[in-house]
């Protein structure tokens, strides 16, 4: 039997990957070899998440809601504080524009100077103030794995020093 193939143009469009104009030759008859597989190597042509990185600093979401973004190397961590409590979590890139809090569906996106956290816009309030940061934020930055710690306590949140004070 003649080994013939037919060229197929493959176009993959997704938020992170783009492959166009690639020609792939597949056999016209099914592969009957047990365990045989076809492997495609897809390389990202989109900008890396680090190229549209979050800007470290403190952001204000109105009232007494603050987010602090800290960076060490290519690792980002978030500290969120409100009257209800404090959370510290590592951030994972989802695509070239968004980050996600570890083991949650909370998404962050930098749009200019504004930080979008869910449906809320947080305005920049300056650089990180070491006095307003919890020790867990440093633990998060030093960790090699995902990190998430949440304290639902008014006492813990009252320890947060507002950047405006």
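Among 88, 114, 151, the order by Cβ neighbours within 10 angstrom, fewest to most, reads 114, 151, 88.
Entry note, the range 67-124: relative contact order of 17 percent, from Cα contacts under 8 Å with a spacing of 6+ residues. Projecting the alpha carbon convex hull of the range 49-158 along each direction and taking the average yields 6.4 nm².
Among 128, 87, what is the fewest-to-most ranking by other Cβ atoms within 10 Å?
Numbers: 128 17, 87 21.
The most exposed by this proxy come first: 128, 87.
Full extension of the segment from residue 138 to residue 120, taken as 0.36 nm per residue of separation minus the current Cα-Cα distance, would add 3.9 nm.
A short reminder: the numbers here are calculations on the coordinates, not readings from a lab. What you are looking at is a predicted structure, and each value in this text was computed from that prediction instead of being measured. Using ideal geometry, Cβ is built from the backbone for each residue, glycine included, and neighbour counts are taken over all protein chains shown.
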